[in-house]
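Inspection log for the structure reproduced underneath, given as structure tokens.
The values are calculated or read from the model by the stated rules, or taken from the named source; none is laboratory data. Note that the coordinates shown come from a computational prediction; the quantities given were computed from them, not determined experimentally. All Cβ positions, glycine included, derive from the backbone under ideal geometry; neighbour counts span all protein chains shown.
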Amino acid sequence: METTETRTILSEFLGTLLLVFFGVGAVVLAGEYIGTFGIALSFGFVMLAMAYSLGPISGSHINPAVTLGMLLARRIDLRTAVEYWIAQVLGGIVGAAVLFLVAKQIPGLRTSESFGSNGWGDRSAVHLNTGGAFVVEIVLTFAFVFVVLSVTHKVAVVGFAGLPIGLALAMVHLVGVPLTGTSVNPARSIGPALFAGGAAITQLWLFIVAPLIGGALAAVVHRYTHPPYAPAAVADEVAAEEPEKG
């Protein structure tokens, strides 16, 4: 395997690991102290940090739904997407494992069927039903992936692109935490569910399928709202108007 491929795969693994550890960690270890707003900021800040630190290496997808969006937008090839998906899922599992070890050192902290996993029904703070959870996850993931595709014209995150990406993730968490715990990321959901067990496992399918649908829809819509050569066309129009202003 080439060195560049190793670096990108490792970046996706590490980025997802840290996203799960700190984001889900905010739910498991500090949720009662920081509330929904704090949890949303935790996910947003981690995403912001990863966008700037790992974006130039792998694009900092750290989310299978984002990778699917990039694949459908033809910014990466299928082989790269599969490698990213494997790295992201493994990173999410390892991140959850490290968090689980930390959580087990806290007396009385319950991890069974909870552990920051996503859910609906009696596992939702507002008892959202299955259909509602499915729609919510599609819409929230659509919004997040659409922002990512819109602010990145290439695979890598450059310039100020990391800021709206981090803010977008915080935004969807502000809405989604009371509803489903907010997945918008299959890798984020798989890791904690494996350690929570019980209903977290039986409900996991929704938090894999719905985010992928949302990511795919974002790629399709983005193709119409942001034509591939729109930036160049706008630049040409501006250049043509400048002599007239003079």
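Criterion first (under 26 Å from residue 138 (Cβ atoms) and without any contact (Cβ under 8 Å) to a residue 24 or more places away in the chain) does residue 68 satisfy it? Against the criterion (under 26 Å from residue 138 (Cβ atoms) and without any contact (Cβ under 8 Å) to a residue 24 or more places away in the chain), residue 68 does not qualify. No other residue among 182, 202 is of a type in the set (Val, Ile, Thr) and touching a Gly at 6+ places or on another chain (Cβ under 7 Å) apart from 182.
Could you tell me which of the residues 221, 184 is under 15 Å from the mean Cα position of the chain (by Cα) and either over 14 Å from residue 70 (Cβ atoms) or surrounded by fewer than 19 Cβ atoms within 10 Å (Cβ to Cβ) (or both)?
Values: 221 fails: under 15 Å from the mean Cα position of the chain (by Cα).
The match here is 184.
Scanning segment 23-44 for residues that are crowded, with 18+ Cβ neighbours inside 10 Å and of a type in the set (Phe, Trp, Tyr) turns up just one, 43. Checked against (1) under 19 Å from residue 201 (Cα atoms); (2) surrounded by fewer than 20 Cβ atoms within 10 Å (Cβ to Cβ); (3) among the small types (Gly, Ala, Ser), residue 91 meets all criteria but (2).
Taking only pairs six or more apart or across chains, which ones have beta-carbon atoms under 8 Å, a first residue in segment 116-136 that is within 13 Å of residue 189 (Cβ to Cβ), and a second residue that is of a type in the set (Asp, Glu)? As it stands, the answer is 123/113, since those pairs meet every condition given. Look at residue 41 and say whether it is over 17 Å from residue 152 (Cα atoms), modelled with pLDDT of 95 or more and out of contact with any Phe, Trp or Tyr (no Cβ under 8 Å at 6 or more places or on another chain). So residue 41 passes the test.
Name the single residue, out of those in segment 28-59 being among the aliphatic types (A, V, I, L, M) and under 21 Å from residue 10 (Cα atoms), that is farthest from the chain's Cα centre (by Cα).
Just the residues of segment 28-59 that are among the aliphatic types (A, V, I, L, M), to begin with: 28-30, 34, 39-41, 46-51, 54, 57.
From what is left, the residues that are under 21 Å from residue 10 (Cα atoms) are 46-51, 54, 57.
Details: 46: 11, 47: 8, 48: 11, 49: 13, 50: 11, 51: 11, 54: 14, 57: 17 Å.
Among residues in segment 28-59 that are among the aliphatic types (A, V, I, L, M) and under 21 Å from residue 10 (Cα atoms), the one farthest from the chain's Cα centre (by Cα) is 57.
Given the condition under 17 Å from residue 29 (Cα atoms) and part of a loop (DSSP other than H, G, I, E, B), answer yes or no: does some residue in segment 136-152 qualify? No.
Candidates 54, 99: the one that is closer than 30 Å to residue 227 by Cβ, touching a residue at least 24 places away in the same chain (Cβ under 8 Å), buried (at least 20 other Cβ atoms within 10 Å of the Cβ) and hydrophobic (A, V, I, L, M, F, W, C) is 54. Filtered by the rule that a residue be of a type in the set (Val, Ile, Thr), modelled with pLDDT under 95 and farther than 14 Å from residue 193 by Cα, segment 103-147 gives a lone residue, 106.
Of the helices (runs of 4 or more DSSP H) that lie entirely inside segment 156-213, those containing 3 or more residues that are at pLDDT below 95 and at negative phi span 162-176.
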